[in-house]
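The numbers here are math on the coordinates, done by the rules we state, and not lab data. Only a predicted model underlies this, so the values are computations on that prediction, with no experimental measurement involved. Cβ placement follows ideal geometry from the backbone for every residue including glycine, while neighbour counts extend to all protein chains displayed.
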Amino acid sequence: MTNDRLNAPLSSTLSTSSSLVEARFIPRQYEPNYAYPLLVLLHARGGDEDQLVRAMPALSWRNYVGLGLRGPEPVIKRDQLAGFDWGRDFELQDRAGLRSRPRRSEAEIVRRAFFDPEPDDLDRLEDGVFAAIRKTRSLLHIHSERIFLVGCGEGAAVAYRFGLSYPERFAGVVAVNGWLPTGFPPLGRMKACRDLPLLVVHGAWNSKHPLSSARRDVAALRAGGLRVAFQSYPSTHRLNSQMLGDVDTWLMNHCTAQPSL
């Protein structure tokens, strides 16, 4: 996969068959001459493209453009649609273990690599996310060096994966009540990732992903030399106003520390 997806032209064939459902938050009194930070909003399992867009006013009415994306996989409960998720690559380990995929033979892996023209699910997801960012940049005035990934729950695993895979493309990662994706080496680009700031905020009473597990994720990232700010709260797995206030402060501190365009 190439690293030029973020800046590819909108007509790029990368995105023709992999678009994601999008929702956008436009700041109050939008000023077209100002280059806004962009928050790429990645919802929790069972959410949709509007889940974090609805929280944007509580974060800030004026400071950011928000791009909410819908996960590609439907979540079905009791034979009814109950939202969406981001696929097996981002599930919690215990949940992923219940739905483990069959192992492919070595011959099948080679055949797919050389003869199967269809991209896999992760390739399609990456194409869709980068296409949505490019589209937003074509519609609104976005600061090219202030694009942040903000994920909640399973969406935080997506944010980790994208941010740590393409650290030069993003200004930072915010992980809310989330986890590092399984089967992914988070320090595969350790040297490049050392310039990528991360904020991890987590509820102390989160039963889906305990605080102790979040602390282990943070410790692993810090051991690799990454800059990780961490804060826990007396809350469960849900967003609250204190979390959003701290996220806003962190984002603005990193925005104002960078040179303007």
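Taking label points 7 Å from Cα along the Cα-to-Cβ direction, Ala257 and Asp123 give a separation of 3.7 nm. Annotation: amide H-H contacts under 5 Å for Gly47 (H modelled 1.01 Å from N, sequence separation of 5 or more, or interchain): Phe84. Given R0 = 22 Å, the distance between the Cβ atoms of Ala204 and Asp246 translates into a calculated FRET efficiency of 0.95. Using a simple spin-label model with pseudo-atoms 7 Å out from Cα toward Cβ, Ala220 and Lys77 lie 2.7 nm apart. Say a paramagnetic label sat at a point 7 Å from the Cα of Gln231, along Cα to Cβ; which residues of the range 33-67 have their backbone N under 14 Å from it? Backbone N within reach: 59-60. Between the C-alpha center of the range 156-179 and that of the range 118-142 there is a gap of 15 Å. Using the average count of surrounding beta-carbon atoms within 10 Å as a protection proxy, the listed peptides 75-83, 126-134 rank, highest first, as 126-134, 75-83.
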